[in-house]
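Participant: After the structure tokens below, expect a handful of questions from me.
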2 protein chains.
Amino acid sequence: MSTPGRGLHGRVLDTLGPAITAGEYPPGSVLRTDELAQHFEVSRSVMREAVRVLESMHLVESRRRVGVTVRPKCEWNVYDPQVIRWRLAGADRPHQLRSLTVLRSAIEPVAAGLAAKQATAEQCAELTECALGMVAHSRGHRLEGYLVHDIAFHRVILAASGNEMFARLGDVVAEVLAGRTHHEVMFEDPDPAAVTLHVQVAEAVRAGDGARAEELTRQITVGALHELDVLAP
Amino acid sequence: MSTPGRGLHGRVLDTLGPAITAGEYPPGSVLRTDELAQHFEVSRSVMREAVRVLESMHLVESRRRVGVTVRPKCEWNVYDPQVIRWRLAGADRPHQLRSLTVLRSAIEPVAAGLAAKQATAEQCAELTECALGMVAHSRGHRLEGYLVHDIAFHRVILAASGNEMFARLGDVVAEVLAGRTHHEVMFEDPDPAAVTLHVQVAEAVRAGDGARAEELTRQITVGALHELDVLAP
DNA sequence: CAGAGCCGAAAAGTCAGACTTATATGTCAC
DNA sequence: GTGACATATAAGTCTGACTTTTCGGCTCTG
């Protein structure tokens, strides 16, 4: 999914990023570039590059004569896909999953409403195909196949909305759905009602019925939130 | 608002970032680190740090033997506040402003609904104060004072929602509102209906009426979208 | 002529060391 | 106590040499 080993500084980030987002260094903690470089056994140049990246994510702040101080959580760039991945891999995965699901519940219905007005014929076809794929994999413990089509479905909706901000949430939704399937205790087969709703959304979008697409999608996200309440109270 | 001169690499970014987001280098363009370093009259180390930051924003991709290639727009981290600022400062400001306003229209109503259920007494007080401030500055060409209270109002709503993803959009909303006031041709006095709606939202939140807060906020954002249609068709 | 494999050059990547600059903090005089 | 000043510290910058990857062309072969 991401790019694991893109240079030495990348490997440093793979350890340091998760550590910071996991709260291993409490906000206000001070790190020193030289010490970090020694600890990771890399040159200072490499370490500096890593720090710059963390800084651009607002995870840390580098100040002369002080060092690299960890910022409080509320200042992090929580929409950075990398940060999202790190946090989903860490201890507060459940909390993060809930935040993102609430975000979905706000965005996706609106996106679906817009998609109904703007989706191309090709996108409508893709949507139907995805929905059918979900139906096909909805029974018999075939969660992996179901997941693939589920992700694709929501990606198409977000892309078809014509709004770039919505479209870029495709990756986030993918992470959430994957996380739900793989790590939360999910039912062995997906909720039949949800499957039906997806099919109906595809129909509504094809028919250009924005209000209906929005309402149906709202039901999907409400269901997702409810499921989260039941399985991870 | 941001941190303008945080080192040499920051100053490089201040010119290179806007240039890329403005589409000055079409997707696929190849830059060379050494040339850039020469052009900006900085050392390679500094240039490399700048490139790393751009890379973490998914604006460019650095590959051996190839160079630094500009990524297509659809891959950018468009939620990065820095990227948002750069784009708002550039040529496609109107387009960007519209995207962000649509985003607001999806998020803020839901946030207001949640805020009604979770806002602390202090937050309710702040909200009322902001609304009153808006009323006080709603006449007599006092747009600046109005803007300050408008921004504060929406910040509080987003924060009070209790969702960190919503809360972090405070800066984005601030940019949008500021951009609207300063650069789009805004009416000399704000829409009285909008002012009233803000007061009513504050009341609804204080009363704990989520559905009403959500609906009223929806009206605010619909108004904002409509205003955008009228002023920047 | 096509495909596999080899080779060289180009550009990023890495490192080490010396130097500069800002700045937090302690010290001292008043 | 308060101000100015000195000092130590850690980030910031620059340079030059070296390493590593990999693209693109070349040749060799079938």
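The values are calculated or read from the model by the stated rules, or taken from the named source; none is laboratory data. Computed from a prediction, not measured in an experiment: that's the story for all the values here. We place every Cβ from the backbone using ideal geometry, glycine too, and count neighbours over all the protein chains shown. Note: areas computed on protein heavy atoms with side chains; ligands, DNA, RNA excluded. Shrake-Rupley method; radii C 1.70, N 1.55, O 1.52, S 1.80 Å.
Participant: So, in region B:7-34, of the ones that are open to solvent by less than 70 Å² (accessible area, probe 1.4 Å) and among the polar types (S, T, N, Q), which residue ends up nearest to DNA strand C (Cβ to nearest atom)?
Facilitator: The qualifying residue nearest to DNA strand C (Cβ to nearest atom) is B:Thr33.
Participant: Six or more apart or on different chains, Cβ under 7 Å: which pairs go from a residue in region A:61-88 that's within 18 Å of B:Met57 (Cβ to Cβ) and more than 12 Å from chain B (Cβ to nearest Cβ) to one that's at pLDDT 95 or above and open to solvent by 10 Å² or more (accessible area, probe 1.4 Å)? Could you list them?
Facilitator: Pairs that qualify, where the first residue is within 18 Å of B:Met57 (Cβ to Cβ) and more than 12 Å from chain B (Cβ to nearest Cβ) and the partner is at pLDDT 95 or above and open to solvent by 10 Å² or more (accessible area, probe 1.4 Å), are A:Arg71/A:Pro27; A:Arg71/A:His58; A:Arg71/A:Glu61; A:Trp86/A:Pro18.
Participant: A follow-up question, please. Kindly state which helices (runs of 4 or more DSSP H) lie completely within region B:128-210 and contain at least 2 residues that are among the hydrophobic types (A, V, I, L, M, F, W, C) and under 21 Å from B:Arg93 (Cβ atoms).
Facilitator: Result: B:143-160, B:170-182.
Participant: So which residues in region A:188-219 are more than 18 Å from A:Cys124 (Cβ to Cβ) and in contact (Cβ under 8 Å) with a residue 12 or more places away in the chain?
Facilitator: Those that are more than 18 Å from A:Cys124 (Cβ to Cβ) and in contact (Cβ under 8 Å) with a residue 12 or more places away in the chain: A:Glu188, A:Asp189, A:Pro190, A:Asp191, A:Pro192, A:Ala193, A:Ala194, A:Val195, A:Glu215, A:Arg218, A:Gln219.
Participant: If a residue must be within 12 Å of DNA strand D (Cβ to nearest atom) and of a type outside the set (Ser, Thr, Tyr), how many such residues does region A:58-88 contain? Give the steps one after another, and end with the answer.
Facilitator: Within region A:58-88, the subset within 12 Å of DNA strand D (Cβ to nearest atom) is A:60-69.
From the residues that got through so far, the ones that are of a type outside the set (Ser, Thr, Tyr) too are A:60-61, A:63-68.
Result for region A:58-88: 8.
Participant: Can I ask one more? Answer with yes or no whether B:Ile20 is away from DNA strand D (no atom under 11 Å from the Cβ) and farther than 17 Å from B:Ala174 by Cα.
Facilitator: yes
Participant: Could you check how many residues of region B:89-105 are open to solvent by 50 Å² or more (accessible area, probe 1.4 Å) and either free of Cβ contacts under 8 Å to residues at least 40 places away in the same chain or of a type in the set (S, T, N, Q) (or both)?
Facilitator: Matching residues across region B:89-105 total 1.
Participant: Same structure, new question: From the list B:Glu55, B:Glu49, which residue is within 16 Å of DNA strand D (Cβ to nearest atom), outside the structural domain of B:Ala207 (by TED's automatic domain parsing) and in contact with a helix residue (DSSP H, G or I) (Cβ under 7 Å, 6 or more places away or on another chain)?
Facilitator: Selected residue: B:Glu49, the only one of B:Glu55, B:Glu49 that is within 16 Å of DNA strand D (Cβ to nearest atom), outside the structural domain of B:Ala207 (by TED's automatic domain parsing) and in contact with a helix residue (DSSP H, G or I) (Cβ under 7 Å, 6 or more places away or on another chain).
Participant: Among residues belonging to region A:64-80 that are more than 13 Å from DNA strand C (Cβ to nearest atom) and open to solvent by 30 Å² or more (accessible area, probe 1.4 Å), point out the one that is nearest to B:Gln82 (Cα to Cα).
Facilitator: Residue satisfying both the conditions and the ranking: A:Glu75.
Participant: Among (1) within 21 Å of B:Asp80 (Cβ to Cβ); (2) open to solvent by less than 30 Å² (accessible area, probe 1.4 Å); (3) near DNA strand D (Cβ under 10 Å from one of its atoms), which single condition is A:Ala37 missing?
Facilitator: Among (1) within 21 Å of B:Asp80 (Cβ to Cβ); (2) open to solvent by less than 30 Å² (accessible area, probe 1.4 Å); (3) near DNA strand D (Cβ under 10 Å from one of its atoms), A:Ala37 violates only (1).
Participant: Take the residues in region B:46-63 that are over 14 Å from A:Val51 (Cα atoms) and not hydrophobic (A, V, I, L, M, F, W, C), then tell me which one is farthest from DNA strand C (Cβ to nearest atom).
Facilitator: Taking region B:46-63 first, the residues over 14 Å from A:Val51 (Cα atoms) are B:47, B:57-63.
When the remaining residues are screened for being not hydrophobic (A, V, I, L, M, F, W, C), the result is B:58, B:61-63.
Details: B:His58: 14, B:Glu61: 9, B:Ser62: 4, B:Arg63: 6 Å.
Within region B:46-63, the match that is farthest from DNA strand C (Cβ to nearest atom) is B:His58.
Participant: Does A:Ala50 meet the test of being surrounded by 15 or more Cβ atoms within 10 Å (Cβ to Cβ) and either within 11 Å of another protein chain (Cβ to nearest Cβ) or in contact (Cβ under 8 Å) with a residue 40 or more places away in the chain (or both)?
Facilitator: So A:Ala50 fits the description; yes.
Participant: Inside region A:23-34, can you point out the residues that are within 9 Å of DNA strand D (Cβ to nearest atom) and in contact (Cβ under 8 Å) with a residue 24 or more places away in the chain?
Facilitator: A:Val30, A:Leu31, A:Arg32, A:Thr33 - these are the residues of region A:23-34 that are within 9 Å of DNA strand D (Cβ to nearest atom) and in contact (Cβ under 8 Å) with a residue 24 or more places away in the chain.
Participant: Would you point out which residue out of B:Gly162, B:Gly179, B:Gly140, B:Gly145 is modelled with pLDDT of 95 or more and either surrounded by 20 or more Cβ atoms within 10 Å (Cβ to Cβ) or not hydrophobic (A, V, I, L, M, F, W, C) (or both)? Can you show your working first?
Facilitator: Details: B:Gly179 fails: modelled with pLDDT of 95 or more; B:Gly140 fails: modelled with pLDDT of 95 or more; B:Gly145 fails: modelled with pLDDT of 95 or more.
Of the residues listed, the single one that is modelled with pLDDT of 95 or more and either surrounded by 20 or more Cβ atoms within 10 Å (Cβ to Cβ) or not hydrophobic (A, V, I, L, M, F, W, C) (or both) is B:Gly162.
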